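The values are calculated or read from the model by the stated rules, or taken from the named source; none is laboratory data. Because the structure is predicted, anything quoted here is derived from the model rather than measured. Cβ coordinates were reconstructed from backbone atoms using ideal geometry, including for glycine residues, and neighbour counts include every protein chain displayed. Heavy atoms of the whole protein, side chains included, go into the accessibility calculation; ligands, DNA and RNA do not. Shrake-Rupley method; radii C 1.70, N 1.55, O 1.52, S 1.80 Å.
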Amino acid sequence: DWDLAWTWAAQRFLSESRIHQRMGRRAEAALTQRHAALAYHIASILVFDDLRKVRTLRDACSTLYAQATRILQPDVRRVEIWWRTNKLPAYLALPDDAQGPAPLVVLLNGSSTCKEETLLWSTPLRMRGFAVLALDWPGSGESALTVEPTADCEDLTHGLFAFAELDPSLDAARVALLGFSLGGAVAALAAAHDRRLSALVAVTPPYDPRPWFDRTVPLMQRHIAAIAGGMEEARQLCGAFALPGVVERTTSPVLVLGAGRDLIVPPEEALRYCAAAGHRGTLLWYPDGAHWLYDEMKD
């Protein structure tokens, strides 16, 4: 019943937001509305047998978050990136003190996360002069409302570069991908396909989930099976994201962040990912870190 508990938490936040709104506290109302959006997001990843309910929760998350962002971060733009005949939702945040066209870091979420989360981590990058694009890659986050999850999306960089080239505030010659968890596999597939990318960063990524998927934590298995359409489909999806022979084809520098106490993806997967990059690979190892390195982030 975790999804019901998180839905109830979201509704309580919305109740608080309405109270703040009536008292004229717009910022406080928007902040609690954003909390409600993220609570709905957590609820959506804990539903395993009702895709209609998952879609409803995802829609509530994206709608509430967009409304709150207009007040909390008026400088952040909601944009769309073309991918084939589809549009992928994203948020664009420019550097705090831009000096000409800014290099662009594209944040790619994991299977159970979304752009609404990754956008919240953009501040340190923006402080250092980077523009940040938090993107729901095909089949993840809000994009799952219109696109099925697929590993066949290595061409998503075509839309990214087209977007950057049309925006005078962005430097299309300096674009990097930063993928978290499964987003690190998406980033590797794209980097192997498009040599225009300047850098590839992967945080606790999988390298080849085929040997260990059946032994990972049951919650993770149920989540992947839910988005894939069944356990056998989940195994096929994991196989499609396998990276042997893929990372080796990338030409950009590769930075990998690994966690010694990762219970979702085996810790040695980050080592294999980095080793495959050869002399282009650099490893940052956190011996006591967990998956996504949440515990290494400032609150």
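Listing for the model above:
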| item | result |
| --- | --- |
| Charge-dipole axis of the chain as Lys and Arg at +1 and Asp and Glu at -1 on Cβ define it, positive-most pick from Ala98, Tyr273, Thr251 | Ala98 |
| Fraction of the pair-distance distribution of segment 13-67 above 16 Å, Cα-Cα pairs, percent | 42 percent |
| Probe 1.4 Å, protein heavy atoms only - accessible area per residue of the chain in square angstrom | 47 Å² |
| Over 13 Å [Cα-Cα, segment 190-250], rounded percent | 67 percent |
| For segment 7-35 and segment 158-197, distance of Cα centres in Å | 35 Å |
| Whether segment 100-180 is rounded, prolate or oblate, judged on the alpha carbon gyration tensor where a/c under 1.5 counts as rounded | oblate |
| Calculated log₁₀ intensity ratio I(q)/I(0) where the Debye formula runs over C-alpha points of the chain, q = 0.08 Å⁻¹ | -0.33 |
| Segment 48-184: C-alpha pair distances exceeding 20 Å, % | 44 percent |
| Cβ charges +1 (Lys, Arg) and -1 (Asp, Glu), total dipole of segment 23-110, debye | 320 debye |
| Dipole of segment 127-209, positive direction: furthest Cα of Thr204, Val186, Gly139, with charges on the beta-carbon | Thr204 |
| About the Cα centre, charge dipole magnitude for the chain (Lys/Arg +1, Asp/Glu -1 at Cβ), debye | 600 debye |
| Packing-based ranking, highest mean first, of 183-191, 53-61 given that Cβ atoms within 10 Å are counted | 183-191, 53-61 |
| FRET efficiency, 1/(1 + (r/R0)^6) with R0 25 Å, evaluated for Met23 and Thr63 via beta carbons | 0.60 |
| Inter-site label distance for Ala242 and Arg55 at 7 Å from Cα along Cβ, in nm | 3.3 nm |
| Fraction of accessible area attributable to carbon and sulfur, the chain (%, probe 1.4 Å) | 55 percent |
| Peptides ranked, highest mean first, by Cβ atoms within 10 Å: ranges 70-80, 113-123 | 113-123, 70-80 |
| Protection proxy ranking of 19-32, 93-106, 265-278 - average other beta-carbon atoms within 10 Å, highest first | 265-278, 93-106, 19-32 |
| Rounded if a/c under 1.5, otherwise prolate or oblate - segment 181-292, Cα gyration tensor axes | oblate |
| At R0 = 45 Å, FRET efficiency that the Cβ-Cβ distance of Thr85 and Asp214 yields, to 0.05 | 0.80 |
| Segment 173-299 - charge dipole about Cα centre, Lys and Arg +1 at Cβ, Asp and Glu -1, debye rounded to 20 | 420 debye |
| Mean separation of Cα contacts under 8 Å, 6 or more apart, over the residue count of segment 164-276: relative contact order % | 30 percent |
| Local electrostatic count at Trp2 - Lys and Arg +1, Asp and Glu -1, tallied over other residues with Cβ under 15 Å | -2 |
| Nearby lysines by direct alpha-carbon distance to Lys53 (threshold 24 angstrom, same-chain neighbours under 8 apart not counted) | Lys87, Lys115 |
| Overall form of segment 1-104 per C-alpha gyration tensor (a/c, 1.5; a/b vs b/c) | oblate |
